[in-house]
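Heads up, the thing below is written out as structure tokens.
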Amino acid sequence: MNSLRLRLVILFLLVEAAVILSIGALAFHRSRRALLESLDAQIHARLETLAAAIEERGPGEPIESELSRDWLEDFQGGDRFFEIAQPAGPVVLASDSLDGRTYGVSRGWLDGAEIGDETYHFDSWDGEEIRLARTLVSPTLPMGTDLTEENRDQAYFVQVGERTEDLRDKQGDLIEYIAFVSAGILALSALLVLTAVTLGLRPVRQLAVAARGITADRLDVRLPESTLPTELRPLSRGFNQTLARVEAAFQREKQFLADASHELRTPVSVILSAAEVALRRERSVAEYTEALETSRAAAQRMQSMVHALLDLAETEHAASQAPRQAVDLAALAAEVTEFLQPLAQTHGVTVTHRASPQSVIVRGDPQRLRELVSNLTSNAILHNRPGGRATISAEAAGTEALLRVEDDGPGIAPEHLPHVFERFYRVDRARARTRGGSGLGLAIARWIVQVHGGHIDVTSRIGQGTVFTATLPRA
């Protein structure tokens, strides 16, 4: 059952059925009680008539003399009966419907009974259910007098019974009526709910139609928001935000492929050109050696760029699974400073490490963090001036660890600062190629910092130098 519309209709009908069932049960209970009270009222009236006949008859007069003929004829059928007896004696008067039989005096009821007591309960008569009422009447004893062995001959035990078949028939009719009305209400409700749910889900279908129109070539299309019901606007807004991120990622990937193709085209062209020139005619050993050296340098540049691309891809897609352990950022900065001394000497740059008075511990992937420090330091060396300086430091600042790489190079113009962490972005492309940069080092550095829950910032002033600051959470 995958249909949301069907689920909503069934859920509503189940709830409504439970409500109708509860209301129907309550209505049946109250109606049954009303029918029973009506029957008890009729039986009570007959008891009152018999009690009055006992109390008002004259000395020596029979009880039936106080009862009308019509009243007695009402008991000639088999639906009801009455019986009057003395607790200690025989039956004094009984209706014709008993056919000379006695219904009997309940000794258990008489024990502890008082004059005027009256009870109602269900019993049986000739195998059928009846409603039976009993009372104790005396023409001489006051109401509330306990029945004893001494005064039993002054009291009369009166009982009236009536078959409940008519009551059961009325209850059956009531059940049928409630069931019929409930079924009608449920059927009408199902139709109304189905219509309402269909209309209510129409905006969802409109969203689905709009979403199907979004393809790889139409990622700029957005779902409507203002025309949707309030409940669906967060869904549309969230989808549009996701779509915007997908579009941005798609554009980045397209730009990435375009940039990578462009960057790889140059070394490939160099290799092809060197090979073509060398093959045009016979060359000397020195000329062949020069062509091979040129090809090797271009191939090394390609290899470096491919490694950087693979490294960036791994950083983006697999960094969340990288092992994490405690790493002393200050010690790591000192190691990288020592490791990059040959590169710094080659470019005439002095690299120093500003020692921290305490350990600066972070949790992360040691290899990635080493790559972060190395990329930032290499960048400070490669883009510095001859005779320039670069300083690496790590320090604790509250709950954060700060890795700072400073140089006194030419600096970066303000218009370039927002883009320095983008892939293949170079402030000076010509100089960057001569220095062998891939244009991916800072992009990799940013991803490493972000994967470790931090952020990286850059400040620079033309002619005074640049400062990169990576902020990471301390362990």
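Looking at segment 96-108, is at least one residue touching a Leu at 6+ places or on another chain (Cβ under 8 Å), surrounded by 15 or more Cβ atoms within 10 Å (Cβ to Cβ) and in the same structural domain as ARG134 (by TED's automatic domain parsing)? No. Would a scan of segment 431-454 turn up a residue that is at pLDDT 90 or above, β-branched (Val, Ile, Thr), crowded, with 20+ Cβ neighbours inside 10 Å and in a strand (DSSP E or B)? For segment 431-454, residues at pLDDT 90 or above, β-branched (Val, Ile, Thr), crowded, with 20+ Cβ neighbours inside 10 Å and in a strand (DSSP E or B): absent. Only one residue in ILE20, ILE43 is in contact with a helix residue (DSSP H, G or I) (Cβ under 6 Å, 6 or more places away or on another chain), assigned to a helix (DSSP H, G or I), in the same structural domain as GLU66 (by TED's automatic domain parsing) and surrounded by 14 or more Cβ atoms within 10 Å (Cβ to Cβ). Which one? One residue alone meets the criteria, ILE20. Figure legend. Inter-residue proximity from segment 365-389: first residues more than 16 Å from VAL458 (Cβ to Cβ), second residues of a type in the set (Ser, Thr, Tyr), beta-carbon distance below 6 Å, spacing 6+ or different chains. Indicated pairs: ARG389/THR350. The requirement of being within 30 Å of ARG33 (Cβ to Cβ) and part of a strand (DSSP E or B) is not satisfied by VAL105. State whether the residues of segment 129-139 include one that is among the basic types (Lys, Arg) and in contact with a strand residue (DSSP E or B) (Cβ under 6 Å, 6 or more places away or on another chain). For segment 129-139, residues among the basic types (Lys, Arg) and in contact with a strand residue (DSSP E or B) (Cβ under 6 Å, 6 or more places away or on another chain): present.
Quick check on LEU98: is it in contact with a helix residue (DSSP H, G or I) (Cβ under 9 Å, 6 or more places away or on another chain) and farther than 23 Å from ASP169 by Cβ? Criteria not met by LEU98. Taken as a whole, the condition of being surrounded by 13 or more Cβ atoms within 10 Å (Cβ to Cβ) and free of Cβ contacts under 8 Å to residues at least 12 places away in the same chain applies to VAL91. Mind listing whichever residues of segment 97-136 are polar (S, T, N, Q) and touching a residue at least 12 places away in the same chain (Cβ under 8 Å)? Matches in segment 97-136: SER97, THR102, SER106, THR119, THR135.
Looking across ILE175, ILE214, one residue alone is assigned to a helix (DSSP H, G or I) and touching a residue at least 24 places away in the same chain (Cβ under 8 Å). It is ILE175. Of everything in segment 169-199 that is exposed (fewer than 15 other Cβ atoms within 10 Å of the Cβ) and small (Gly, Ala, Ser), the residue that is farthest from LEU36 (Cα to Cα) is ALA196. Counting the residues of segment 142-187 that are among the hydroxyl-bearing types (Ser, Thr, Tyr), within 15 Å of LEU21 (Cβ to Cβ) and in contact with a Phe, Trp or Tyr (Cβ under 9 Å, 6 or more places away or on another chain) gives 0.
The values are calculated or read from the model by the stated rules, or taken from the named source; none is laboratory data. Values in this document were obtained by computation on a predicted structure and should not be read as measured data. All Cβ positions, glycine included, derive from the backbone under ideal geometry; neighbour counts span all protein chains shown.
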